[in-house]
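Worksheet: one structure, shown below.
The values are calculated or read from the model by the stated rules, or taken from the named source; none is laboratory data. All figures in this text were calculated on a predicted structure; none of them were measured in a lab. Cβ coordinates were reconstructed from backbone atoms using ideal geometry, including for glycine residues, and neighbour counts include every protein chain displayed. Surface accessibility is based on the protein's heavy atoms, side chains included, excluding ligands, DNA and RNA. Shrake-Rupley method; radii C 1.70, N 1.55, O 1.52, S 1.80 Å.
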Amino acid sequence: MGYKISVERVKSSRIGEVDFNNLPFGRHFSDHMFMADYFDGDWHNCRIIPFGEYSIHPALSALHYGQAIFEGMKAEKDEDGNPIVFRPSKNINRFNISADRMAMAQMPEDLFMQAMDKLLTIDKDWIPSAPESSLYVRPHMFATEEFVGIRAAEHFRFVMFTCPVGAYYNRPVKVFIHDKYIRAFPGGVGFAKCAGNYGAAMMPAREIQKMGYDQILWLDGIHHKYLQEIGTMNIFVIIDGVIITPGLDQGTILDGVTRDSIIQLAENEGYLLQERDISVDEIINAYHEGKLDDMFGTGTAAVLSHIGEFHYKGENYELPPIEGREISNKLKERLTGIKSGKAEDIFGWVHTVPVGVYSGS
Ligand SMILES: Cc1ncc(COP(=O)(O)O)c(C=O)c1O
């Protein structure tokens, strides 16, 4: 714990301006944010300050060359009203994997955790309590060196802010399996949570959204055949009672925290689960044989979201009603129970923010 975090509090809170019964995703921001700057090989000026704008240089290297990464976590309150966060150590670990791939500075886990705990202690009243709502935590880092020329930057800014949010999807998702655009290739950056992965997906996503679909279900970059992931979620398919999800070995998809949790929960429940390649032909054949029981996506923002329908090469395929999807409904219930602190945390996933440690600062 070598880092000291200073605190400057807001003069008056904006919390009264927010309707906590009607929370669109990512539109409201809590009172404070954490910020730190990296130069001379270490993090400096670690501070919690009022949430707000800051100025940047026109030659800020992240804007030109794309060294920018982020994470997403959710804080809720347990039965005793203490802030809890689901598996944050997986997020800091993935953050540093992304940083490494993008030639950016590592963020020490103790600084990350201290910043998060302190921020959540100060803004704990912003954690909503309505079902399916939470305080979304957005850590991110970008290159701040001011130069024109292509080389890895040596100055970075790390910022963590929070947003009270409701459900990401409030109905089954309609996905479009794209046979033209590709998100990631082996050897690329598909496994990293870097801003460019999302920027590159915007145009194809906007095209399919105009056609009435919610998200693209991406195929692999070599064969254009194997399922990869959805824009904001990992993908699971259930064929004839067997849960199948693509493996991480190609480095083309995000190692989702929710994905890993669903895998462990499924195994704990005794369901058959396979991490393997799954082709679009396999799911379409299963559909025609009446064996495609379920498809769903998993992610921090979207939790477990059922797919209602998918599109491939001009055809729409409608999936069974949500009520009958016993396996995924059970897994969702188990996951949300643990995440919200209501069910026993048998895996030790829940981090309780030590508010007593930070409330005096
Ligand atoms: C591309 C992509 N895949 C998968 C996920 C799910 O990851 P996690 O469960 O860690 O939120 C996300 C969301 O973070 C994502 O953006």
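Within the group Tyr358, Tyr287, which residue is open to solvent by 20 Å² or more (accessible area, probe 1.4 Å) and at pLDDT 95 or above?
On the way: Tyr358 fails: at pLDDT 95 or above.
Only one candidate qualifies: Tyr287.
Within the stretch 23-46, can you find the residues that are buried (at least 17 other Cβ atoms within 10 Å of the Cβ) and either part of a loop (DSSP other than H, G, I, E, B) or aromatic (Phe, Trp, Tyr) (or both)?
Within the stretch 23-46, Leu23, His28, Phe29, Ser30, Asp31, Phe34, Tyr38, Trp43 qualify.
Given the residues Ile177, Ile122, Ile216, which is the only one that is closer than 17 Å to His32 by Cβ and β-branched (Val, Ile, Thr)? Full working, then the answer.
Working: Ile177 fails: closer than 17 Å to His32 by Cβ; Ile216 fails: closer than 17 Å to His32 by Cβ.
Only one candidate passes the filter, namely Ile122.
Please determine, by comparing only the residues of the stretch 161-181 that are more than 20 Å from the chain's Cα centre (by Cα) and at pLDDT below 95, which one is most open to solvent (accessible area, probe 1.4 Å).
Just the residues of the stretch 161-181 that are more than 20 Å from the chain's Cα centre (by Cα), to begin with: 176-181.
Subset that is at pLDDT below 95: 178-180.
Working: His178: 14, Asp179: 70, Lys180: 132 Å².
Here the answer is Lys180.
So if I check each of Asp240, Asp281, Asp255, which one is within 11 Å of the ligand (Cβ to nearest atom) and either out of contact with any strand residue (DSSP E or B) (no Cβ under 9 Å at 6 or more places or on another chain) or open to solvent by 50 Å² or more (accessible area, probe 1.4 Å) (or both)? If you could, list the steps in order and put the result at the bottom.
Numbers: Asp240 fails: within 11 Å of the ligand (Cβ to nearest atom); Asp281 fails: within 11 Å of the ligand (Cβ to nearest atom).
Checking each option against the conditions leaves just Asp255.
Suppose we filter Gln274, Gln250, Gln228, Gln264 for residues that are in a loop (DSSP other than H, G, I, E, B) and either open to solvent by 20 Å² or more (accessible area, probe 1.4 Å) or more than 16 Å from the ligand (Cβ to nearest atom) (or both); which single one remains? Please lay out each step first, then the result.
Numbers: Gln274 fails: in a loop (DSSP other than H, G, I, E, B); Gln228 fails: in a loop (DSSP other than H, G, I, E, B); Gln264 fails: in a loop (DSSP other than H, G, I, E, B).
Exactly one of Gln274, Gln250, Gln228, Gln264 is in a loop (DSSP other than H, G, I, E, B) and either open to solvent by 20 Å² or more (accessible area, probe 1.4 Å) or more than 16 Å from the ligand (Cβ to nearest atom) (or both), namely Gln250.
Checking the conditions here, which among Lys330, Lys339 is over 11 Å from Ile238 (Cβ atoms), open to solvent by less than 60 Å² (accessible area, probe 1.4 Å) and touching a residue at least 40 places away in the same chain (Cβ under 8 Å)? So that I can check it myself, show each step before the final result.
Numbers: Lys330 fails: open to solvent by less than 60 Å² (accessible area, probe 1.4 Å).
Step by step, each of Lys330, Lys339 is checked, and only Lys339 is over 11 Å from Ile238 (Cβ atoms), open to solvent by less than 60 Å² (accessible area, probe 1.4 Å) and touching a residue at least 40 places away in the same chain (Cβ under 8 Å).
Confirm whether Phe20 is under 20 Å from Arg138 (Cβ atoms), open to solvent by 40 Å² or more (accessible area, probe 1.4 Å), touching a strand residue (DSSP E or B) at 6+ places or on another chain (Cβ under 8 Å) and at pLDDT below 95. Break it down stepwise before answering.
On the way: under 20 Å from Arg138 (Cβ atoms): yes; open to solvent by 40 Å² or more (accessible area, probe 1.4 Å): yes; touching a strand residue (DSSP E or B) at 6+ places or on another chain (Cβ under 8 Å): yes; at pLDDT below 95: yes.
Judged against the criteria, Phe20 is a match.
Let's see how each residue does on (1) part of a helix (DSSP H, G or I); (2) more than 16 Å from the ligand (Cβ to nearest atom):
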position: Ser305; (1), (2): no, no
position: His311; (1), (2): no, yes
position: Asn316; (1), (2): no, yes
position: Ile338; (1), (2): yes, no
position: Glu344; (1), (2): no, yes
position: Phe347; (1), (2): no, no
position: His351; (1), (2): no, no
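Out of Ser129, Ser133, report the one residue that is open to solvent by less than 40 Å² (accessible area, probe 1.4 Å), at pLDDT below 95, over 16 Å from Tyr65 (Cβ atoms) and assigned by TED's automatic domain parsing to the domain that holds Phe86. If you could, list the steps in order and put the result at the bottom.
Numbers: Ser129 fails: open to solvent by less than 40 Å² (accessible area, probe 1.4 Å).
Selected residue: Ser133, the only one of Ser129, Ser133 that is open to solvent by less than 40 Å² (accessible area, probe 1.4 Å), at pLDDT below 95, over 16 Å from Tyr65 (Cβ atoms) and assigned by TED's automatic domain parsing to the domain that holds Phe86.
Does Lys193 satisfy the condition of being open to solvent by 50 Å² or more (accessible area, probe 1.4 Å), closer than 24 Å to Phe236 by Cα and modelled with pLDDT of 95 or more?
Values: open to solvent by 50 Å² or more (accessible area, probe 1.4 Å): no; closer than 24 Å to Phe236 by Cα: yes; modelled with pLDDT of 95 or more: yes.
No; evaluated as a whole, the condition is false for this residue.
Report, by residue number, each residue of the stretch 182-204 that is under 23 Å from Asn93 (Cα atoms), within 14 Å of the ligand (Cβ to nearest atom) and more than 17 Å from the chain's Cα centre (by Cα).
Listed by number, the residues that qualify are Ala184, Gly188.
Output the helices (runs of 4 or more DSSP H) that fall wholly within the stretch 47-147 and possess 3 or more residues being within 19 Å of His351 (Cα to Cα) and not polar (S, T, N, Q), or say none. Can you show your working first?
Working: elements: 61-65, 88-101, 109-122.
Fully inside the stretch 47-147 and qualifying: 88-101, 109-122.
For Gly212, only one of the following conditions fails: (1) on the phi < 0 side of the Ramachandran plot; (2) away from the ligand (no atom under 11 Å from the Cβ); (3) in contact with a strand residue (DSSP E or B) (Cβ under 8 Å, 6 or more places away or on another chain). What is its number?
All conditions pass for Gly212, except number (1).
Residues to consider are Glu53, Glu71; find the one that is at pLDDT 95 or above and within 14 Å of the ligand (Cβ to nearest atom). It would help to see each step written out before you state the result.
Working: Glu53 fails: within 14 Å of the ligand (Cβ to nearest atom).
Going through Glu53, Glu71 in turn, just one is at pLDDT 95 or above and within 14 Å of the ligand (Cβ to nearest atom): Glu71.
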